Amino acid sequence: MPEKKITTCLWFDNEAEEAAAYYLSVFGDGRITDVQRYSEAGPGEPGSVVVVAFELFGQRFTALNGGKVDWAFNESVSFQVHCEDQAEVDDLWAKLTADGGQESQCGWLKDRYGVSWQIEPKRLFELLADPDPALVARVTEAMLTMKKIDIPTLEAAAAPPTREA
């Protein structure tokens, strides 16, 4: 298989090593592949981390200690995580919103570093791909009321409406 040509680089003030370790602890399937430190030539303090290369599920990332800047992470770039079931959604949601993370709408959140994530169960996309437009509308309406996606609520919305006698 050819080498992957694209790596996502995340700019941190001075938390690159901490952030990489955090993401590895959240997702479990990953590894640090390289840590580069400043030499005596600088510009940072000799021995301090400048770059941490890591992988999550085979996807390459670089965490860069680039120093303070006038911009921050925002929702214009986010990482989608396709979850197998509600347990995986719940687990990742809890880990990524802990210690300063923030819930948003429709499965979106920001982690403690301000990085945006979409925690999405595969079942959501299956329901949204249903050929019945009324079912899709009900599921969409239910999803729009959620922060963390709740599969049982989506399933209930997908069910045909009951008729009262």
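Looking only at segment 142-153, decide whether some residue is loosely packed, with under 14 Cβ neighbours inside 10 Å, among the small types (Gly, Ala, Ser) and out of contact with any Asp or Glu (no Cβ under 7 Å at 6 or more places or on another chain).
Looking through segment 142-153, none of the residues is loosely packed, with under 14 Cβ neighbours inside 10 Å, among the small types (Gly, Ala, Ser) and out of contact with any Asp or Glu (no Cβ under 7 Å at 6 or more places or on another chain).
If I filter segment 13-31 down to residues being outside any helix (DSSP H, G or I) and charged (D, E, K, R), which single residue comes out as most open to solvent (accessible area, probe 1.4 Å)? Show your work before the answer.
Taking segment 13-31 as the starting set, the residues that turn out to be outside any helix (DSSP H, G or I) are 13-15, 28-31.
In the following step, the residues that additionally are charged (D, E, K, R) were identified as 13, 15, 29, 31.
Details: ASP13: 53, GLU15: 58, ASP29: 81, ARG31: 131 Å².
Here the answer is ARG31.
Scan segment 121-139 residue by residue and report those that are closer than 22 Å to GLU88 by Cβ and open to solvent by less than 50 Å² (accessible area, probe 1.4 Å).
PRO121, LEU124, LEU127, VAL139
Would you say LYS5 is among the charged types (D, E, K, R), under 30 Å from THR153 (Cα atoms) and either assigned by the TED database to the domain that holds ILE151 or surrounded by fewer than 12 Cβ atoms within 10 Å (Cβ to Cβ) (or both)?
No, not satisfied.
Hey, among the residues in segment 32-74 that are loosely packed, with under 13 Cβ neighbours inside 10 Å and within 20 Å of the chain's Cα centre (by Cα), which one's farthest from ASP150 (Cα to Cα)?
Top of the filtered list is TRP71.
Are there any pairs, at least 6 apart or on different chains, whose C-beta atoms fall under 8 Å, with the first in segment 138-154 and within 12 Å of GLN105 (Cα to Cα) and the second part of a helix (DSSP H, G or I) and aromatic (Phe, Trp, Tyr), and if so, which?
From residues that are within 12 Å of GLN105 (Cα to Cα), the pairs are LYS148/TRP93.
What are the pairs with Cβ atoms under 9 angstrom where one residue, in segment 36-58, is within 10 Å of ALA20 (Cα to Cα) and at pLDDT 95 or above and the other, located anywhere, is open to solvent by less than 30 Å² (accessible area, probe 1.4 Å) and of a type in the set (Lys, Arg)? Sequence gap at least six, or different chains.
Taking only residues 6 or more apart or on different chains, not a single pair turns up.
Among the listed residues GLN80, GLN105, identify the single one that is among the polar types (S, T, N, Q), touching a strand residue (DSSP E or B) at 6+ places or on another chain (Cβ under 8 Å) and surrounded by fewer than 18 Cβ atoms within 10 Å (Cβ to Cβ).
Working: GLN105 fails: touching a strand residue (DSSP E or B) at 6+ places or on another chain (Cβ under 8 Å).
When all the criteria are applied, what remains is GLN80.
Among the residues of segment 88-102, is there at least one that is of a type in the set (Phe, Trp, Tyr) and assigned by the TED database to the domain that holds CYS9?
Of the residues in segment 88-102, the ones of a type in the set (Phe, Trp, Tyr) are 93.
Okay, now just the ones that are also assigned by the TED database to the domain that holds CYS9, so none.
Scanning segment 88-102, I find no residue that is of a type in the set (Phe, Trp, Tyr) and assigned by the TED database to the domain that holds CYS9, so the answer is no.
Rundown of residues vs (1) of a type in the set (D, E, K, R); (2) closer than 20 Å to GLU3 by Cβ, yes/no style:
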position	(1), (2)
ALA41	no, no
VAL52	no, yes
ASN74	no, no
SER78	no, no
ASP99	yes, no
TRP108	no, no
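The values are calculated or read from the model by the stated rules, or taken from the named source; none is laboratory data. It should be emphasised that the depicted structure is a prediction, and the values quoted were computed from it without experimental measurement. Here Cβ is always computed from backbone atoms with ideal geometry, including for glycine, and neighbour counts include all displayed protein chains. These accessible areas exclude ligands, DNA and RNA; they are computed on the full protein's heavy atoms, side chains included. Shrake-Rupley method; radii C 1.70, N 1.55, O 1.52, S 1.80 Å.
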